[in-house]
Amino acid sequence: MTAQFPAARPRRLRRTSPMRRMVAGTRLHPAELVLPMFLKEGIDEPNPIGSMPGVFQHTRDSLRKAAHEAAEAGVGGLILFGIPAVKDARGSAGDDPDGIVQQGVADLVAEVGDAMVVMTDTCLDEFTDHGHCGVLTAGGEVDNDATLERYAAVAVAQARAGSQVIAPSGMMDGQVAAIRAALDADGFDQVPILAYSAKYASAFYGPFREAAECAPQFGDRNAYQQDPAGPVGEALREVRLDLAEGADAVMVKPALLYLDILRQVRDEVDVPVAAYQISGEYAMIEAAAANGWIDRERAIMESLVAIRRAGADMILTYWATEAARRLR
């Protein structure tokens, strides 16, 4: 740059809304948004989540209705989480052909499967009575390799029900390879895997655990999710391992608190990168707006722009339908 003030005036390109829109360097599109949804077995009416205003545990009927609304708004995809009526130590409901997630997936694919991508979270914490993401050893630790067998079975059950993307979130070593092998062996070699590759042991998952009823009954998940202050390069190592095992796309979770990690991953890989704007990030904005401390609509859109600017190709957000309507 050679020109200086007063010849150089950057404000010239910011003076009007049409000008700002024309020169924008970051753009959002409804198709880049993915709506997380919760389906609970055994309820007759949708249950509002107290810590997440506007989010519900759905019935099968209300799930279909919400999915139609998202499709009409242009949302690109849905990801389904299920809460079964009965839980056990091995998460048997996860791969039950008649399990609540399998029923919900079939409903969603029949209703909106041609208009948007129907994804499933592939983990065990929603289905286990102890709330951990895998089966336990006699000493109460998560057994990594035994858990891989369960993940493989859950992934196949979800694919048989119609899931169009399998999204393993448990952070077990080797989970992508185990799921890929199981899907391929069952004839689902065309079903992609979106790996939760860099998932951190965040304090901001609390509202989600209320929604999915999956809080650990003892201990925490620090031994398998990544440490927020962990080794430099650990996230990229996890990403590389997942890609080597057959992941088709990768995810960073949480999103806003880990924009630096998201940028590193985006610069490293040549596959789609997703970021999950998690429940605590959602709840903070909603709570601050409810108290009149911030402008809710502007805060929502600014947060999504920040995630997109950091490199996300897809954003999982509970505001997907609302944001998509606004963008259109």
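The values are calculated or read from the model by the stated rules, or taken from the named source; none is laboratory data. All figures in this text were calculated on a predicted structure; none of them were measured in a lab. Note that each Cβ is placed from the backbone with ideal geometry, even for glycine, and that neighbours are counted across all protein chains shown. For accessibility, only protein heavy atoms count, side chains too; no ligands or nucleic acids. Shrake-Rupley method; radii C 1.70, N 1.55, O 1.52, S 1.80 Å.
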- Message: Looking at region 21-163 only, what percent of DSSP beta bridges run antiparallel? Nearest 5 please.
- Response: 20
- Message: Given an 8 Å cut-off on Cα distances and at least 6 residues of separation, report the relative contact order of region 202-275 as a percent.
- Response: 26
- Query: Going by alpha carbons, how many degrees (0 to 90, nearest 10) lie between the helix axis of 234-245 and the longest principal axis of the chain?
  - Reply: 60
- Task: Taking only Cα atoms and a 10 Å spring cutoff, compute GNM fluctuations for the chain and point out the largest among ILE43, ILE79, ILE193.
- Result: ILE43
- Query: Quick one: if you stick a label point 7 Å off each Cα along the C-beta vector at ALA185 and MET19, how many nm between them?
  - Reply: 6.4
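DSSP loop chymotrypsin sites (Phe, Trp or Tyr not before Pro) in region 235-328 with at most 11 other Cβ atoms within 10 Å of their Cβ, which ones?
Details: sites: TYR258, TYR276, TYR282, TRP293, TYR318, TRP319; in loops: TRP293, TYR318, TRP319.
Answer by residue number: TRP293.
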- Taking a 1.4 Å probe, which of HIS29, HIS130, HIS68 shows the most accessible area, and what order do the others take after it? HIS29, HIS68, HIS130
- Task: Grab the other residues whose beta carbon is less than 13 angstrom from that of GLN277, score K and R as +1, D and E as -1, and report the net.
- Result: -3
- Item | C-alpha long axis of helix 279-290 to longest principal axis of the chain, angle in ° | 50
- Note on the structure: Taking Cα atoms, the helix 144-161 axis meets the longest principal axis of the chain at an angle in degrees (rounded to 10) of 80
- Task: Over region 161-228, calculate the relative contact order: mean separation of alpha carbon pairs under 8 Å at least 6 apart, over the residue count, as a percent.
- Result: 38
- Message: From Cα pairs below 8 angstrom and at least 6 apart in sequence, can you work out the relative contact order of the chain, rounded to a whole percent?
- Response: 19
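Compute the semi-axes of the equivalent ellipsoid of region 98-217, taking the square root of 5 times each eigenvalue of the Cα gyration tensor, and list them largest first in whole Å.
Numbers: eigenvalues 111, 62, 34 Å².
They are 24, 18, 13 Å, listed largest first.
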- Message: I need two numbers for the chain: Rg to one decimal and Dmax as a whole number, Cα atoms only, in Å.
- Response: 20.2, 73
